[in-house]
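Everything on this sheet refers to the single structure shown next.
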Amino acid sequence: MAVFRLQGSKVLAVEMTGDAVKAKNGSMVAYDGQMAFKKLSGGGEGIRGMVTRRITGEQMTVMEVKGHGTCWFADRASEINLVGLQGDKLYVESSNLLATDGGLRTGTTFTGVRGASQGNGLFTTTVEGHGQVAITSDGSAVVLRVSAQYPLTVDPGAYIAHQGNLRQSLQSGVTFRTLMGEGGGEAFQMRFEGDGLVYVQPSERNTIAGDV
């Protein structure tokens, strides 16, 4: 299995001994050793990934790197966060997914109105299996715990990913900014209930659901 390690906070080093990794196209900044490269298309494996991405108009281009040596990846000086999966599933915004262990399964899942409200399409990328995932964030990501006693409400512009046994819903009407008298238009919040982790970034994306 490939070994993921951070070199600083903004560069991912992946050591491979015949292994493969999948990464965002154009994110490799250097490599040593003997590597083979292949361009993959679509949001996941198989026809379903291709079709769902085409429906939403998203172009998610992924490259596969396989060989012996070390590859270094980065994405516009974003902070990089490592997530270890032990047979569980990670839900992540496609723009925040940098690299996955080649043995992990990637796909898409329907997210309903939330995806449409963000302008990120109706599908969220899923990563499942045993191995490492590298996700990016604009600024240092914060990992927040959700429990039965403490549900979590998140600004959709700050949301990156989540994992665990969580139920996700959308609430409309008020966001943190409209509470302070800023922003306008229809606004949304994301609510998580159950048991799991939610990853948020300190810088918000632009969305089309009002100034959230």
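In plain terms, the chain from residue 105 to residue 148 could stretch by 12.6 nm, reckoned as 0.36 nm per residue minus the Cα-Cα distance.
Label-to-label distance for residue 72 and residue 172 is 4.8 nm, based on points extended 7 Å past Cα in the beta-carbon direction.
In whole Å, how far is the Cα centre of region 61-75 from that of region 1-39? The two parts, judged by their Cα centres, are 3 Å apart. Between the beta carbons of residue 193 and residue 130, assuming R0 = 35 Å, the FRET efficiency works out to 0.85 to the nearest 0.05.
Any read-out appearing in this document is the output of simple, stated calculations on the displayed coordinates, not a laboratory observation. Please read these numbers as outputs of a predicted model, since none were measured by experiment. Glycine gets a Cβ as well: all are built from the backbone with ideal geometry, and neighbour counts include every protein chain shown.
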